[in-house]
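Below is one structure, written out as structure tokens; the observations come after it.
The values are calculated or read from the model by the stated rules, or taken from the named source; none is laboratory data. This is a predicted model, so every value here is computed, not measured. Reconstructed Cβ throughout: ideal geometry from the backbone, glycine too, with neighbour counts over all protein chains shown. Side chains are part of the model used for accessible areas, which takes the heavy atoms of the whole protein and leaves out ligands, DNA and RNA. Shrake-Rupley method; radii C 1.70, N 1.55, O 1.52, S 1.80 Å.
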Amino acid sequence: MPFICSACPIDGLYEIQPKVFGDERGYFLETYSEKDFFACGLMMKFVQDNQSCSVKGVLRGLHFQKQHPQGKLVRVLEGTVYDVAVDIRQGSATFGGYHGVLLSAEKQNQFYIPEGFAHGFCVISDRAVFAYKCTDFYHPEDEGGLMWNDPIIGIDWGAVLGTASPVLSQKDMKHPAFDAHGAYFDINGKWIGD
């Protein structure tokens, strides 16, 4: 099998390591195969691919869509990022918890984040090209977000940023704090909030 699919400590999250075939000419790998992902139990259907480029210190997130939640298969084409998923599925044993993965072009690893999670990443190389597949289309009117440095969630961005402040968009500076008593998604990733 060309993929090793490893379950993460939070249910639903997977780190995926493709098999890379390399020699003095370069390398080849499959980045997605429906039959192999299905064999791992990852039976999602992707409808949209996205790509972004960011410089060192850029932090994007924490994002989600409400009525059109997106599962995401994320990877890095150039550079290294610290990628984070926050469980906002009410009723989950890990509600409000997060899991982070270092994704790099060198390692070629991927991270699958299902519906019901907020997602963000921080660039730790000089530059990073970030690509991801989505299970639903982008709906700008449906966007939601959480404060990147929410103290309840407690993401350790300092482990990758050091003492530097992240570079944030105006939109990402205005996301609300996580409300541990609020309604976000149900355990299956369906929006139950406002």
Checked pairs for segment 2-13, first open to solvent by 20 Å² or more (accessible area, probe 1.4 Å), second hydrophobic (A, V, I, L, M, F, W, C) and not in a strand (DSSP E or B), C-beta under 6 Å and 6 or more apart or across chains, list as C5/C40
Considering every residue within segment 165-178, establish whether at least one is part of a loop (DSSP other than H, G, I, E, B) and either basic (K, R) or at pLDDT below 95 (or both). yes
Considering residues that are open to solvent by less than 60 Å² (accessible area, probe 1.4 Å) and in a loop (DSSP other than H, G, I, E, B), the number found within segment 134-156 is 10
E115 being at pLDDT 95 or above and within 12 Å of G61 (Cβ to Cβ): no
Of the residues in segment 1-33 that are charged (D, E, K, R) and part of a strand (DSSP E or B), the one that is nearest to S92 (Cα to Cα) is E15
Do we find a residue being part of a loop (DSSP other than H, G, I, E, B), surrounded by fewer than 19 Cβ atoms within 10 Å (Cβ to Cβ) and not polar (S, T, N, Q) anywhere in segment 48-55? no
Sort through V86, V81 and tell me the only one that's β-branched (V, I, T), modelled with pLDDT of 95 or more, buried (at least 19 other Cβ atoms within 10 Å of the Cβ) and more than 20 Å from V129 (Cα to Cα). V86
Exactly one of A128, A177, A159, A118 is open to solvent by 50 Å² or more (accessible area, probe 1.4 Å) and either over 27 Å from Q51 (Cβ atoms) or touching a Gly at 6+ places or on another chain (Cβ under 8 Å) (or both), and that one is A177
So in segment 56-67, with the set limited to residues that are buried (at least 17 other Cβ atoms within 10 Å of the Cβ) and not basic (K, R), which one is farthest from P114 (Cα to Cα)? G57
Going through segment 143-181 in order, the residues found to be farther than 28 Å from K56 by Cβ and without any contact (Cβ under 8 Å) to a residue 12 or more places away in the chain are D179, H181
